[in-house]
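Undergrad: Mind having a look at this structure? Questions to follow.
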There are 2 protein chains.
Amino acid sequence: MSDRSQRRRDLTRQEIKQTARNQLVTGGPNAISLRAIARDMGITAPALYRYYPALDSLILELCTDLYTDLRVACEVVRDQVAPEDHEGRLLVMVREFRRWVLSHPAESTVIFGPPLPGVDQFHQQCQDLSHAGVQFGQIFIDPMLALYHQGRLPVGKAIVDAHDHAHGDVPPEVYTYFLLKWTQFYGIIMAEAFGHLSWAVADAEPLFEAEVTAFTESLIR
Amino acid sequence: MSDRSQRRRDLTRQEIKQTARNQLVTGGPNAISLRAIARDMGITAPALYRYYPALDSLILELCTDLYTDLRVACEVVRDQVAPEDHEGRLLVMVREFRRWVLSHPAESTVIFGPPLPGVDQFHQQCQDLSHAGVQFGQIFIDPMLALYHQGRLPVGKAIVDAHDHAHGDVPPEVYTYFLLKWTQFYGIIMAEAFGHLSWAVADAEPLFEAEVTAFTESLIR
DNA sequence: TCAGATTAGTGAACACCGTTAACGCAAGGA
DNA sequence: TCCTTGCGTTAACGGTGTTCACTAATCTGA
């Protein structure tokens with residue numbers, strides 16, 4: 001295959017994913033359909049099989065894009081804070097995390113919700129740092145690690161070990177602390193995004209800010 | 001309609017829901033299909049429309065059943081602990097919560113995951129105590145309230161108010177504390193159940209127990 | 001007991017869906 | 001120039017939710 005046609009091929013794959021994402025945004029995860037994608041692109045459905053072997057693999061690749069988008073969004077706000085202000089960098093990233101999720105409910109459903117068919121494989125391929133999901137976690141681990149080296153992280157006992165996994169060079173007590181905080185923020189953000197707080201409060205932002213405050217106040221100064 | 005045929009009708013509705021749940025368990029949320037339900041029941045698909053106006057409303061009613069099942073499971077283990085041991089009652093319920101979710105992944109996806117079509121309405125009908133989701137929350141609020149009256153709950157500022165919602169008689173600072181703890185446990189349990197910790201740890205139970213320990217140690221004794 | 005109304009269930013049909021197969025066409029390289 | 005490769009087509013299979021017209025059974029009330 002020539003270089004020219006290869007580039008054209010990649011461009012079409014990009015367009016397919018973009019069309020799929022538009023349908024994801026407008027109609028939710030169930031609205032992603034090969035036939036609708038083909039319709040929007042002005043071609044027929046079987047033509048898409050020249051680019052993806054099945055719908056699942058399309059969604060799988062879409063997952064990577066979404067994770068990357070979210071990570072880049074967090075990195076953008078992070079880089080507006082002084083590099084030595086690790087606490088401040090963490091805060092703006094966590095807030096951007098919530099903001100992105102709430103403003104991208106459909107995309108969040110795909111990457112943070114229960115494993116859809118095809119997405120379940122996604123989470124099982126996270127054994128190296130190149131994985132988009134792991135990279136997203138990494139941008140939160142980095143400042144935590146810096147705070148740890150400054151003696152500001154109130155780490156507890158090392159309960160889980162990261163040596164066998166992607167983040168091999170992170171001290172186990174830091175990794176444990178990270179995962180605990182991670183699941184807490186995951187919980188309050190996803191509970192709100194998935195509508196599981198609507199019966200309790202009209203606006204979940206004060207709750208989220210309380211969680212953020214609890215984190216900052218737990219830091220050793 | 002006579003009493004006899006009404007009972008027969010309810011029985012059929014029950015059978016429909018049970019068949020749907022079997023398919024949910026074996027094939028995941030996407031495997032619930034009217035035609036498959038009808039096939040399993042030995043009837044044709046349009047016959048189901050005599051009992052439910054659409055598939056969505058079937059799933060909606062299934063949600064209530066699942067929430068009730070989970071609540072009953074928690075109440076069972078709760079009632080094996082002395083009534084005055086509110087801390088112990090909370091602990092066994094939280095552990096049972098996780099156990100139930102991990103052993104019922106498909107059902108948990110439906111009631112704790114992102115709103116499926118038809119389920120989104122479910123969470124918007126939670127304005128009274130009779131709602132199954134609210135009742136599930138209530139069994140956790142009760143012992144927390146008891147601990148509060150004993151002066152053992154390390155409540156912070158009252159950030160959210162429950163007066164306008166279902167749990168009207170709960171002090172706002174208790175309600176705030178409950179929601180914060182609730183989202184934390186929701187986070188660590190659902191992150192594990194949805195596979196979002198598989199890249200980090202092989203077994204998430206130590207993390208969960210660390211969260212539980214952090215809760216008990218935060219209680220005033 | 002018997003006519004009428006209500007109910008459960010059926011089969012056909014419509015409009016979708018993912019996916020496969022066989023085929024045509026146009027461009028690229030030898 | 002030939003011919004291989006890749007892109008796109010149409011047709012088809014089996015699946016889905018849902019609606020409609022119709023039948024058969026059952027229940028109701030006089």
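Undergrad: Mind listing just one residue for me: the one in the range B:39-76 that is small (Gly, Ala, Ser), more than 8 Å from DNA strand D (Cβ to nearest atom) and assigned by TED's automatic domain parsing to the domain that holds B:ASP10 and, of those, most open to solvent (accessible area, probe 1.4 Å)?
TA: Within the range B:39-76, the first condition is being small (Gly, Ala, Ser), and the residues that meet it are B:42, B:45, B:47, B:54, B:57, B:73.
Next, from what is left, pick out any that are more than 8 Å from DNA strand D (Cβ to nearest atom): B:42, B:47, B:57, B:73.
Next, only the ones that are assigned by TED's automatic domain parsing to the domain that holds B:ASP10 stay: B:42, B:47.
On the way: B:GLY42: 67, B:ALA47: 34 Å².
Among residues in the range B:39-76 that are small (Gly, Ala, Ser), more than 8 Å from DNA strand D (Cβ to nearest atom) and assigned by TED's automatic domain parsing to the domain that holds B:ASP10, the one most open to solvent (accessible area, probe 1.4 Å) is B:GLY42.
Undergrad: May I pose another question? Does B:THR12 meet the test of being of a type in the set (Ser, Thr, Tyr), within 13 Å of DNA strand C (Cβ to nearest atom) and outside the structural domain of B:LEU207 (by TED's automatic domain parsing)? Break it down into steps so the answer makes sense when it comes.
TA: Working: of a type in the set (Ser, Thr, Tyr): yes; within 13 Å of DNA strand C (Cβ to nearest atom): yes; outside the structural domain of B:LEU207 (by TED's automatic domain parsing): yes.
Yes, satisfied.
Undergrad: Between residues in the range B:62-77 that are in contact (Cβ under 8 Å) with a residue 24 or more places away in the chain and residues that are of a type in the set (Lys, Arg) and surrounded by 17 or more Cβ atoms within 10 Å (Cβ to Cβ), which pairs lie under 9 Å by C-beta distance while being six or more apart or on different chains?
TA: Short answer, once both residue conditions are applied: B:LEU62/B:LYS17; B:LEU62/B:ARG21; B:ASP65/B:LYS17; B:ASP65/B:ARG21; B:LEU66/B:ARG21.
Undergrad: Determine which single condition B:ILE159 fails, assuming it passes every other condition in (1) without any contact (Cβ under 8 Å) to a residue 24 or more places away in the chain; (2) assigned to a helix (DSSP H, G or I).
TA: (2)
Undergrad: So which residues in the range A:197-214 are open to solvent by 10 Å² or more (accessible area, probe 1.4 Å) and more than 7 Å from chain B (Cβ to nearest Cβ), if there are any at all?
TA: Listed by number, the residues that qualify are A:ALA202, A:ASP203, A:GLU205, A:GLU209, A:THR213, A:ALA214.
Undergrad: Report, by residue number, each residue of the range A:145-159 that is of a type in the set (D, E, K, R) and modelled with pLDDT of 95 or more.
TA: First, the residues of the range A:145-159 that are of a type in the set (D, E, K, R): A:152, A:157.
If the condition is that a residue be of a type in the set (D, E, K, R) and modelled with pLDDT of 95 or more, then A:ARG152 is the only one that fits.
Undergrad: Identify all residues within the range B:1-31 that are outside any helix (DSSP H, G or I) and near DNA strand D (Cβ under 9 Å from one of its atoms); write none if there are none. Talk me through it step by step, then tell me what you get.
TA: Looking only at the range B:1-31, we keep the residues that are outside any helix (DSSP H, G or I), and these are B:1-2, B:28.
The answer is B:MET1, B:SER2.
Undergrad: Under the condition of being within 24 Å of A:PRO29 (Cβ to Cβ) and more than 22 Å from the chain's Cα centre (by Cα), which residue from the range B:15-44 is farthest from DNA strand C (Cβ to nearest atom)?
TA: Step by step, filter the range B:15-44, then rank; the result is B:ALA36.
Undergrad: Ok, one more. Residue under question is B:ARG95, and the condition is that it be at pLDDT 95 or above, open to solvent by 60 Å² or more (accessible area, probe 1.4 Å), within 26 Å of B:GLY187 (Cα to Cα) and in contact with a helix residue (DSSP H, G or I) (Cβ under 8 Å, 6 or more places away or on another chain); does it hold? So that I can check it myself, show each step before the final result.
TA: Numbers: at pLDDT 95 or above: yes; open to solvent by 60 Å² or more (accessible area, probe 1.4 Å): yes; within 26 Å of B:GLY187 (Cα to Cα): yes; in contact with a helix residue (DSSP H, G or I) (Cβ under 8 Å, 6 or more places away or on another chain): yes.
In short, yes.
Undergrad: Please work out which one of (1) within 13 Å of DNA strand C (Cβ to nearest atom); (2) within 30 Å of B:MET144 (Cα to Cα) is the condition B:HIS86 fails and give its number.
TA: All conditions are met except number (1).
Undergrad: Let me ask something additional. Against the conditions (1) at pLDDT 95 or above; (2) under 20 Å from A:SER198 (Cα atoms); (3) of a type outside the set (Asp, Glu), where does B:ALA162 fall short? Just the number, please.
TA: Of the numbered conditions (1) at pLDDT 95 or above; (2) under 20 Å from A:SER198 (Cα atoms); (3) of a type outside the set (Asp, Glu), the odd one out for B:ALA162 is (1).
The values are calculated or read from the model by the stated rules, or taken from the named source; none is laboratory data. Since this is a predicted model, take the numbers as computed values, not measurements. Every residue, glycine among them, receives a Cβ derived from its backbone with ideal geometry; neighbour counts consider all protein chains shown. Please note that ligands, DNA and RNA were not included when accessible areas were found on the heavy atoms of the full protein model with its side chains. Shrake-Rupley method; radii C 1.70, N 1.55, O 1.52, S 1.80 Å.
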